[in-house]
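Okay, so here's the structure we're looking at.
Read the figures in this text as sums done on the coordinates, not as results from a lab. Note that this is a predicted model, so its numbers are computed, not measured. Note: ideal-geometry Cβ built from the backbone for every residue, glycine included; neighbour counts use all protein chains shown.
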Amino acid sequence: MRVILNPWQADHAPTMELDGGDIIPAYETPSRFTAIRKALEAAGGFTLEEPPPSPDVPLTAVHHADYVAFLRQACSQAQHNRRGSSPHLWPSVFPFGPNPQTHNAKALRGRYCYDTYTPLLPGTFAAALGGATAASYAAKLLASGRETCVYVLTRPPGHHAEADRCGGYCYFNNVAVAAAMLAPLGPVAIVDLDVHHGNGTQHIFYDRADVLTVSVHGDPHDLYPFFSGYPDETGTGAGIGTNLNLPLPLGSGVPKYRVALTQAIEAVVRFQPTFLIVALGVDAHEADPIGGMTLPTPFFEEIGTQFRQLQQPTLIVQEGGYNLDVVGDCVVNFLKGIAS
Ligand SMILES: [Zn+2]
């Protein structure tokens, strides 16, 4: 299987995040990428490559142009940040009031971000662009018919990034960029397996009939991102009926997950897509530090097998997974299942 790597992921290397006012070590680090890459190389059967340079990654097909410009500018500003020894830029104030508007650089961090887990560093823009570049190249491979199953190994993840806001460690929505490229060729189904609801992907395609978004995740009553991921969010306008949320109680294991997975697959079959995209978070693993579900490592191969049976051109894009001891094996198991 061809694996497309984000060539610039290491440029984004946060050392900390802010959780409820506490500074804690960052979970989303380049070591995740290294762990997965090592597991792929150890397993064999994967061809790892970087995407060719591309001046035309269609970021603004899914993100607002002013948001893209903000990220570029703020990361450049982070280069010159002199607060303490940290290059991290954090939002301190979030929009409020009946008509929030500002041009203040400090305030804009809150305007374009919705949490304090998602700092801007000098290399964040490049790393996020690298992920979108890898995803768009993989989408081209799929669109050309040259490949039927491609995996994008990238970080930071993307599925929490909305059209105009970063959050949840995500800046550009790689899955959405790929889906927007493929959609003109035929309907696209996105299935998000990350334990946290894919709010960004839902947000971007909520009113579109040509992209089905399905997410299996921990119940947002108890788990990030809290404000979305509920079953009654089913789409709007032309997109009514093309968004399916399948939340599971925290602590859920294989039996409950199998039921939700079957529902997700059945929704894809009904939609009859031309392309399938899997947002592959593996943080539903039992040992994930920020998950809360109880899936064992071997089960990820069974999940992959379920998707293989769809026999659809498939793009797999890496999302979460934060236990460095197991993240690589979970990914390898999923890819084995979908490819074998
Ligand atoms: Zn996650």
Practice task
Would you confirm whether any residue within segment 135-151 is more than 16 Å from the ligand (Cβ to nearest atom) and in contact with a Ser or Thr (Cβ under 6 Å, 6 or more places away or on another chain)?
Solution key: yes
Exercise for the section: Could you please find all residues in segment 324-340 being more than 12 Å from the ligand (Cβ to nearest atom) and closer than 29 Å to Gly167 by Cβ? Expected result: Leu324, Asp325, Val326, Gly328, Asp329, Cys330, Val331, Val332, Asn333, Phe334, Leu335, Ile338
Practice task
Kindly provide the set of residues from segment 53-72 that are out of contact with any Phe, Trp or Tyr (no Cβ under 9 Å at 6 or more places or on another chain) and either under 13 Å from Leu120 (Cα atoms) or surrounded by fewer than 14 Cβ atoms within 10 Å (Cβ to Cβ) (or both), ordered by number.
Solution key: Pro53, Pro55, Asp56, Ala65, Ala69
Exercise for the section: Mind counting the residues in segment 298-315 that are in contact with a helix residue (DSSP H, G or I) (Cβ under 7 Å, 6 or more places away or on another chain), surrounded by 18 or more Cβ atoms within 10 Å (Cβ to Cβ) and not in a helix (DSSP H, G or I)? Expected result: 3
Fill in the blank from the handout: Restricting attention to segment 245-281, the residues that are in contact with a Phe, Trp or Tyr (Cβ under 8 Å, 6 or more places away or on another chain) and away from the ligand (no atom under 16 Å from the Cβ) number exactly 3
Handout entry: Search result, residues across segment 154-171 that are touching a strand residue (DSSP E or B) at 6+ places or on another chain (Cβ under 9 Å) and away from the ligand (no atom under 16 Å from the Cβ)
Key = Arg165
Practice task
Identify all residues within segment 5-26 that are surrounded by 16 or more Cβ atoms within 10 Å (Cβ to Cβ), more than 11 Å from Pro119 (Cα to Cα) and over 15 Å from the mean Cα position of the chain (by Cα); write none if there are none.
Solution key: Pro7, Trp8, Ala10, Asp11
Exercise for the section: Give segment 261-289 a look and list any residue that's closer than 23 Å to Tyr322 by Cβ and surrounded by 18 or more Cβ atoms within 10 Å (Cβ to Cβ), or say none. Expected result: Leu261, Ala264, Ile277, Val278, Ala279, Leu280, Gly281, Val282, Asp283, Ala284, His285, Asp288
